[in-house]
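Q: This is the structure, below, for whatever I ask next.
The values are calculated or read from the model by the stated rules, or taken from the named source; none is laboratory data. This one's a predicted model, so the numbers in the text were calculated from it and none came from an experiment. Quick reminder, even Gly has a Cβ in these numbers, built from the backbone with ideal geometry, and neighbours come from all protein chains shown. Side chains included, ligands, DNA and RNA excluded: accessible areas come from the protein's heavy atoms. Shrake-Rupley method; radii C 1.70, N 1.55, O 1.52, S 1.80 Å.
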Amino acid sequence: MDKRLFGTDGIRGIPGKSPLDDKTLERVGMALAEYLRMRGEGARVLIGRDTRESGPHIAERISQGLASAGAEPVSAGVLTTPGVAWLVNREGFAAGVVISASHNPYHDNGVKLISSSGMKFSDAVEAKIESHILSPNGAKPVSVSPRPLDLEGDEALYEDYLAGLRKSVFPGAHLSGMRIVLDCANGAASKLAPQLFRSLGCTVTAMNDTPDGRNINAGCGSLYPETLQKRVVETGAALGVAFDGDADRALFVSASGKLVDGDGVLLAAARYMKSSGLLKGDVIVGTTMANLGLEKALEKSGLSLARTAVGDRYVLEEMRRIKANLGGEQSGHILFLDDATTGDGMLTAVKVASLVSLAGPLDALVADLKIFPQKIVNVKVASKPPLESLPEVHGTLKKAEAALGNSGRVVLRYSGTEPLARVMVEAEKEEDVRLWTDSLATVLRAAIGA
């Protein structure tokens, strides 16, 4: 069946409105419990959330649904998405639920489901759970009086997660005394990230670490790194880190104030891991959005880039298929598969700080990464028909690809979570980038624009 609730990153919406209305949320809990019962996978489900004001209510509703169908909800309180995934995998939970809309504003929220492996459920499993949510005959309660969820998190769970992150430091790295600036986006990392790096001996300056329910991602974090760039230079820090609201991604700032995205992190990590015998297969996995400059820089080091569709789940699937242990996205979702089952901004920050300790300033580690001019345009759409079914769009795409040849790339895709079509053009010349992004955006708006 075509999924109607789950996008590429779970269920997203506005709290109080479908699909984040109370009835649907309770059915999500019941459907997950029913799926686990049918699979015989146990009953304990860990629920974590970011700092949005709507999070506690959503957690309560899902908890009610889980408990009414015989599962045992356990609250992790405010915790990062990868923190929930790590604990589900390591602490024997049957599943996890994360309440977050990642980098979106506070008035949005979402629900992500995590399997006992610590990874997102497959598309097929999500479709099965969704069928129980939407079916009149599915997701029925077996209990009538579930206990209210204790919304506070367990400090022992937090410490277990932080202990795991401390063990992920690259061998031989010494972070004691390193000056680091952390922009916590007033999100789920606000308490944990400063605590982690102080426990590693770093001198920490924390920014945007006082969430109030409405200031998550508000002019801060990985979407707005400009203030962090200035603060790193002003404080003489060796490194700056910008998280998003649920800390499953991170961007970095070098000592000179230069912004380094996921492509730069993948290049620096891949080279170090190859030189130290830690990289498997001389290949890393990226997406269609990875800059062409990354691919060419990797080739100079005898490494190759395998590309997938956009989305960390697709990166993970390809990594597992080809047995790679490093992959990620330009946006800052990086997967160190020897350490974790999902992208983790705090884990990535520990790895990058380790690289700076072992191999020198971040500026030097990415100095030869030539970033090809790239432009991304978001076009609001009224519908999402197959792009190849739109003659003008398909024809313009073919013209762009022919004109750019091997010196550029075009990616045209729909957002998995919003009513948007994304146009990405990358080329050696800025004028080619402008020409083809404008041309494609224009024909898209004419064909299906909202």
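Q: Would you say Ile322 is touching a residue at least 24 places away in the same chain (Cβ under 8 Å), of a type in the set (A, V, I, L, M) and open to solvent by less than 10 Å² (accessible area, probe 1.4 Å)?
A: no
Q: Follow-up. Look at the range 421-437 and say how many of its residues are out of contact with any Phe, Trp or Tyr (no Cβ under 7 Å at 6 or more places or on another chain), within 20 Å of His394 (Cβ to Cβ) and in contact (Cβ under 8 Å) with a residue 12 or more places away in the chain.
A: Residues flagged as out of contact with any Phe, Trp or Tyr (no Cβ under 7 Å at 6 or more places or on another chain), within 20 Å of His394 (Cβ to Cβ) and in contact (Cβ under 8 Å) with a residue 12 or more places away in the chain within the range 421-437 amount to 6.
Q: Tally time: how many residues in the range 119-172 are at pLDDT below 90, open to solvent by 70 Å² or more (accessible area, probe 1.4 Å) and either assigned to a loop (DSSP other than H, G, I, E, B) or on the phi > 0 side of the Ramachandran plot (or both)?
A: The qualifying residues number 12.
Q: Counting only residues that are in contact with a Lys or Arg (Cβ under 6 Å, 6 or more places away or on another chain) and surrounded by fewer than 24 Cβ atoms within 10 Å (Cβ to Cβ), give me the strands (runs of 3 or more DSSP E) lying completely in the range 52-115 with at least 1 of them.
A: 72-78
Q: Let me ask you something else. Looking only at the range 399-440, count how many residues are in a helix (DSSP H, G or I) and open to solvent by 20 Å² or more (accessible area, probe 1.4 Å).
A: Qualifying residue count for the region: 15.
Q: Just to be sure I understand, how many residues within the range 438-450 are hydroxyl-bearing (Ser, Thr, Tyr) and either in contact (Cβ under 8 Å) with a residue 40 or more places away in the chain or farther than 19 Å from Ala382 by Cα (or both)?
A: Count: 1.
Q: Being among the hydrophobic types (A, V, I, L, M, F, W, C), over 16 Å from Ala101 (Cβ atoms) and surrounded by fewer than 21 Cβ atoms within 10 Å (Cβ to Cβ) is the filter here; which residues of the range 13-38 pass it?
A: Result: Met38, single match.
Results for (1) aliphatic (A, V, I, L, M); (2) open to solvent by 40 Å² or more (accessible area, probe 1.4 Å), shown as yes or no for each residue.
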position	(1), (2)
Asn208	no, yes
Cys220	no, no
Glu226	no, yes
Lys230	no, yes
Arg249	no, no
Val265	yes, no
Ser276	no, yes
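Q: Working only within the range 330-351, note down all residues that are within 23 Å of Ala188 (Cβ to Cβ), touching a residue at least 60 places away in the same chain (Cβ under 8 Å) and open to solvent by 20 Å² or more (accessible area, probe 1.4 Å).
A: Passing the criteria: Gln330, Ser331, Asp339, Thr341, Thr342.
Q: Among residues belonging to the range 79-114 that are in contact with a Leu (Cβ under 7 Å, 6 or more places away or on another chain) and among the aliphatic types (A, V, I, L, M), point out the one that is nearest to Gly55 (Cα to Cα).
A: Going through the qualifying residues, I end up with Val97.
Q: Filter the range 293-304 down to residues that are free of Cβ contacts under 8 Å to residues at least 60 places away in the same chain and under 15 Å from Asn406 (Cβ atoms) and give me whichever is surrounded by the most Cβ atoms within 10 Å (Cβ to Cβ).
A: Per the criteria, the residue is Glu295.
Q: A further question follows. Tell me which of these Val88 doesn't satisfy, since it passes every other one: (1) touching a strand residue (DSSP E or B) at 6+ places or on another chain (Cβ under 8 Å); (2) closer than 21 Å to Ser331 by Cβ.
A: Only one criterion in (1) touching a strand residue (DSSP E or B) at 6+ places or on another chain (Cβ under 8 Å); (2) closer than 21 Å to Ser331 by Cβ is unmet by Val88, namely (2).
Q: Any idea which residue in the range 39-51 is least open to solvent (accessible area, probe 1.4 Å), counting only those that are in a strand (DSSP E or B) and among the charged types (D, E, K, R)?
A: The residue in question is Arg49.
Q: Let me ask you something else. Could you say which residue among Ala349, Ala306, Ala324 is in a loop (DSSP other than H, G, I, E, B), under 28 Å from Leu165 (Cβ atoms), at pLDDT 95 or above and among the small types (Gly, Ala, Ser)?
A: Only one candidate passes the filter, namely Ala324.
Q: How many residues are part of a helix (DSSP H, G or I) and surrounded by fewer than 20 Cβ atoms within 10 Å (Cβ to Cβ) if we restrict to the range 175-194?
A: Of the residues in the range 175-194, 1 are part of a helix (DSSP H, G or I) and surrounded by fewer than 20 Cβ atoms within 10 Å (Cβ to Cβ).
Q: Let me ask you something else. Can you pull out every residue in the range 352-371 that is open to solvent by 10 Å² or more (accessible area, probe 1.4 Å) and assigned to a loop (DSSP other than H, G, I, E, B)?
A: Gly360, Pro361, Ala367, Asp368, Leu369, Lys370, Ile371
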